[in-house]
Structures are given as structure tokens and as C-alpha cells.
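Worksheet: the structure to be examined is printed underneath.
The values are calculated or read from the model by the stated rules, or taken from the named source; none is laboratory data. No experiment lies behind these values; they were computed from the predicted model shown. Please note: Cβ atoms are built from the backbone with ideal geometry, for glycine as well, and neighbour counts cover all protein chains shown.
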Amino acid sequence: MILLGTLVLQDTPRGTPVIKHLALTGLALTVAAMATGLVAAASASTPQRALAAPVCLDATNSRADNTNVRLWSCLNHPNQKWVIRDGQIIVADTLASNPVCLDATNSRADNTNVRLWSCLNHPNQKWVIRDGQIIVADTLASNPVCLDATNSRADNTNVRLWSCLNHPNQKWVIRDGQIIVADTFA
């Protein structure tokens, strides 16, 4: 395990922490680009996202059961601070009293909203982080289901479940207790 800010990350099955893997990949790409001195122009067939403020997983101002989890511009706010412990993703400011967890609900269907729920150590609240994806643990064996940012990065967008497709909507970076949509992280 690795302690990162207020966040504990578990090692991946290969033994390499996710955040370390992402950092080394980014460093390698940066060094390679600098060594060649080349900057490739974006192809017309490859849509490019303009860099904006990072977008975070946000618990909103409510900690009530069944509250939808949303995207919001990263503000380093308590709504955006999470702790990962024993496979659960917990709103950090609830640890001392009544922990509240990221919950996949009872459905694993595409387009299902992800919600907050009192931590019950239930399979709906168990997640695995692998290759930048946050996966519902009980789906790993057959049809993995991922935390998905949808196609929008706008504030107040619901976060959903979707079949894992290794898509940018399903890539996340964890930094200083925040869970950030990877394609918004600079």
C-alpha cells in the first residue's frame, strides 16, 4: 500500500501502484518528446480536448444515502476528498463519524448512476483500481464495469457505471485525495 496525501492506494495485481505507473508513463512520454524535439500536430480524425481545469469526483454537499455522485471542477473542497480503504472509496470527511461510500447500487447496467451510501462493506461498495480504471470488484471475473465520467466534463454531471472499454471516460488519476478525470489532469 502507498499513502498519498490522505489517500491509501492498494497495489495493482502486478505489484505496481497505479499512481506510480501513471507518473512513470507520463515522465517517459515527456522525456521521449523532449529528446526528439518534435511536437506532432493533432490529426483531424482524432478529437482533442482543450485543456481546462481538472474535473473531480464530487460527493456534493449531501452525505445522505442515495445521493448521486457528480463531476465538478477540482476545488480541493471536502466534497472532493476521498479515502480508499479495504476496497471502499469513502468520503474523507465522514471517516470520524458515519462513513459514506461510493456505491454502485444493485445494478451493473450501463448508464446506472453511482451514488453515496452509508459504508456497509457490501459488494456494491467494493472497487478495484487497475490501469487507471476504477472497477466494481464483483464484476472483474466476467464483464468488468467501470466508473465512467460520461462524455461531459461539465460541473454537476452524474457519474455512471459503464462496461469497461478502456475509454478516456473511464480513466482516473488519484492525487492528494482527489479522484480526477485523467483527460482533464495536466
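Okay, here's what the table says:
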{"item": "Residue that is surrounded by the most Cβ atoms within 10 Å (Cβ to Cβ) [pool: residues in segment 61-81 that are without any contact (Cβ under 8 Å) to a residue 24 or more places away in the chain and part of a loop (DSSP other than H, G, I, E, B)]", "result": "77"}
{"item": "Close pairs from segment 151-175: first at pLDDT below 95, partner surrounded by fewer than 18 Cβ atoms within 10 Å (Cβ to Cβ) and in a strand (DSSP E or B), Cβ under 6 Å, at least 6 apart", "result": "none"}
{"item": "Flag if residue 117 is within 26 Å of residue 52 (Cα to Cα) and at pLDDT 95 or above", "result": "no"}
{"item": "Single residue of 89, 129 found to be touching a Phe, Trp or Tyr at 6+ places or on another chain (Cβ under 6 Å) and closer than 18 Å to residue 171 by Cβ", "result": "89"}
{"item": "Unmet criterion (only one of (1) in contact with a Cys (Cβ under 8 Å, 6 or more places away or on another chain); (2) touching a residue at least 40 places away in the same chain (Cβ under 8 Å)) for residue 125", "result": "(2)"}
{"item": "Condition met for residue 110 (acidic (Asp, Glu), closer than 14 Å to residue 55 by Cβ and in a loop (DSSP other than H, G, I, E, B))", "result": "no"}
{"item": "Matching entry among 106, 143 (being farther than 20 Å from residue 183 by Cβ and free of Cβ contacts under 8 Å to residues at least 24 places away in the same chain)", "result": "106"}
{"item": "Segment 109-122, residues that are touching a residue at least 40 places away in the same chain (Cβ under 8 Å) and touching a Cys at 6+ places or on another chain (Cβ under 9 Å)", "result": "116, 117, 118"}
